[in-house]
Amino acid sequence: MRIVEIREKTVGIKSDIANAYIDFSQMTCSVVAVVTDVVRDGKPVIGYGFNSNGRYGAGGLMRERFIPRLMSAAPDSLVDEANDNLDPFKIWARLMTNEKPGGHGERSVAVGTIDMAVWDAVAKIAGKPLYRLLADRYRGGVADESVWVYAAGGYYYPGKGLEALQAEMRSYRDRGYKVVKMKIGATSLEDDLRRIDAVLEVVGDGRNLCVDANGRFDLKTAIAYAEALKPYDLFWYEEAGDPLDYALQAELANHYDRPMATGENLFSHQDARNLIRHGGMRPDRDWLQFDCALSYGLVEYMRTLDMLAENGWSSRRVVPHGGHQMSLNIAAGLHLGGNESYPDVFKPFCGFADSIAVEDGRVRLPDLPGIGFEDKAELFAVMRDALETGK
């Protein structure tokens with residue numbers, strides 16, 4: 001059993017949207033196909049992966065460093081003999097051979113993308129949906145049959161007024177979502193409060209709305225927003241300051257007793273641990289948003305979950321960033337609290353299986369081996385293209 005080839009292609013996910021920090025007009029991502037010599041139904045088993053939005057494609061790092069390193073390994077050194085399968089942990093260790101500790105930047109995206117494709121292949125070889133495989137191996141065979149999801153949107157579009165914002169949020173509610181999220185911080189506090197009021201006219205209670213500043217605020221601004229947001233009793237107030245400014249996050253907790261969320265821009269279990277140690281996060285109310293595809297993949301994500309358990313955090317307080325099927329499988333298989341969803345932006349990488357609708361704020365997973373990309377036609381066409389024309 002061995003990996004025959006790994007192919008990578010950079011594709012665009014550009015969109016004329018912006019949050020408080022960046023616009024996405026030039027955004028890219030990497031798509032990866034891991035081809036194995038295992039045959040199912042007369043065809044080789046192929047695992048697919050891609051990186052989440054917000055970080056650019058990392059194809060250069062893959063081609064120059066990580067793919068050659070993995071492909072030069074002895075095939076037997078990458079096999080899980082007990083399960084007659086590839087071993088994601090051995091593969092991860094090979095990818096990170098001769099890598100210096102620290103510096104969890106773009107290489108975490110490169111490794112995380114390959115890791116996603118590896119897990120897709122492993123689950124396909126086992127003949128199981130990934131979430132079932134994870135539950136069987138690590139949660140005593142118990143998986144969540146559905147996952148709570150929220151609709152992320154509310155971006156700043158050119159010329160987008162309050163009516164358009166309301167129409168967007170109404171469309172999410174019409175599609176089965178209960179909780180929605182909108183962006184703040186790219187305009188004045190007064191203007192953002194008007195936008196929040198407009199959305200609440202659609203979704204009603206503040207517990208149906210999250211707001212996300214994407215790390216834009218200094219401490220003074222973060223506190224000013226916190227004071228203004230308190231009366232709304234929102235579902236959460238997300239990433240007020242720079243993701244590595246743990247002191248800001250800790251001080252903000254002294255001024256805002258409602259739920260907060262952060263973590264999507266922390267790319268290792270060490271950085272996640274520093275957030276827990278120094279960021280003032282509260283395990284009874286706050287939410288953690290680490291994204292496996294951006295943070296070295298599921299192998300590293302399990303280390304993060306173990307660290308959280310050691311520090312008294314429930315996995316149910318973890319709701320991953322990214323809005324993709326990989327995180328959805330992890331949420332169902334490893335008992336996370338939910339998953340982000342992008343119903344309309346970052347196509348075709350947003351959303352879940354075509355055959356399964358969101359119902360009362362929850363979504364089920366397809367009964368397909370692997371991650372389930374094959375039940376998302378537009379995305380899987382891109383995946384196949386990565387195999388056929390990948391460089």
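Please verify whether ARG55 is over 26 Å from PRO366 (Cβ atoms), open to solvent by 10 Å² or more (accessible area, probe 1.4 Å), within 24 Å of the chain's Cα centre (by Cα) and in contact (Cβ under 8 Å) with a residue 60 or more places away in the chain, treating the condition exactly as stated. Quick ask: steps written out before the conclusion?
Numbers: over 26 Å from PRO366 (Cβ atoms): yes; open to solvent by 10 Å² or more (accessible area, probe 1.4 Å): yes; within 24 Å of the chain's Cα centre (by Cα): yes; in contact (Cβ under 8 Å) with a residue 60 or more places away in the chain: yes.
Against the criterion (over 26 Å from PRO366 (Cβ atoms), open to solvent by 10 Å² or more (accessible area, probe 1.4 Å), within 24 Å of the chain's Cα centre (by Cα) and in contact (Cβ under 8 Å) with a residue 60 or more places away in the chain), ARG55 qualifies.
Could you check ALA93 against (1) open to solvent by less than 30 Å² (accessible area, probe 1.4 Å); (2) within 26 Å of the chain's Cα centre (by Cα); (3) at pLDDT 95 or above and say which number it fails?
The failed condition is (1).
Does ASP115 satisfy the condition of being of a type in the set (Asp, Glu), in contact (Cβ under 8 Å) with a residue 12 or more places away in the chain and closer than 20 Å to GLY263 by Cβ? Talk me through it step by step, then tell me what you get.
Working: of a type in the set (Asp, Glu): yes; in contact (Cβ under 8 Å) with a residue 12 or more places away in the chain: yes; closer than 20 Å to GLY263 by Cβ: yes.
Taking the combined requirement at face value, the residue satisfies it.
Looking for whichever is open to solvent by less than 10 Å² (accessible area, probe 1.4 Å), assigned to a loop (DSSP other than H, G, I, E, B) and of a type in the set (Gly, Ala, Ser) here; the options are GLY323, GLY333. Which one fits?
After ruling out the rest, the residue left standing is GLY323.
Looking at (1) under 24 Å from MET182 (Cα atoms); (2) in contact with a helix residue (DSSP H, G or I) (Cβ under 8 Å, 6 or more places away or on another chain); (3) open to solvent by less than 20 Å² (accessible area, probe 1.4 Å); (4) not charged (D, E, K, R), which one does SER341 not meet, given that it meets all the others?
(2)
Please name all residue pairs, on different chains or six or more residues apart, with Cβ atoms under 7 Å, provided the first residue is in region 356-375 and is assigned to a strand (DSSP E or B) and the second residue is among the basic types (Lys, Arg) and crowded, with 18+ Cβ neighbours inside 10 Å.
Partner pairs satisfying both residue conditions: GLY370/LYS124.
Suppose we keep only residues that are part of a helix (DSSP H, G or I) and open to solvent by less than 60 Å² (accessible area, probe 1.4 Å) within region 271-287. Which one would you say is farthest from LEU244 (Cα to Cα)?
Step one: list which residues in region 271-287 are part of a helix (DSSP H, G or I), which gives 271-278.
This time we only want the ones that are open to solvent by less than 60 Å² (accessible area, probe 1.4 Å), so: 271-272, 274-276.
Details: ASP271: 8, ALA272: 10, ASN274: 9, LEU275: 8, ILE276: 12 Å.
In this case the residue turns out to be ILE276.
From the residues in region 247-270 that are open to solvent by 30 Å² or more (accessible area, probe 1.4 Å) and of a type outside the set (A, V, I, L, M, F, W, C), which one is farthest from ASN311 (Cα to Cα)?
Per the stated criteria, the residue is HIS255.
Would it be correct to say that VAL199 is touching a residue at least 60 places away in the same chain (Cβ under 8 Å), more than 21 Å from PHE50 (Cα to Cα) and touching a helix residue (DSSP H, G or I) at 6+ places or on another chain (Cβ under 6 Å)?
Spelling it out, it is not the case that VAL199 is touching a residue at least 60 places away in the same chain (Cβ under 8 Å), more than 21 Å from PHE50 (Cα to Cα) and touching a helix residue (DSSP H, G or I) at 6+ places or on another chain (Cβ under 6 Å).
In region 290-320, which residues are assigned to a helix (DSSP H, G or I) and closer than 16 Å to GLY279 by Cα?
Selection gives THR304, MET307, LEU308, ARG317.
The values are calculated or read from the model by the stated rules, or taken from the named source; none is laboratory data. Computed from a predicted model, the values in this text were never measured in an experiment. Here the Cβ is made from the backbone with ideal geometry for all residues, glycine too, and neighbour counts use every protein chain on show. Quick note on the areas: whole protein, heavy atoms, side chains included, nothing else; ligands and nucleic acids left out. Shrake-Rupley method; radii C 1.70, N 1.55, O 1.52, S 1.80 Å.
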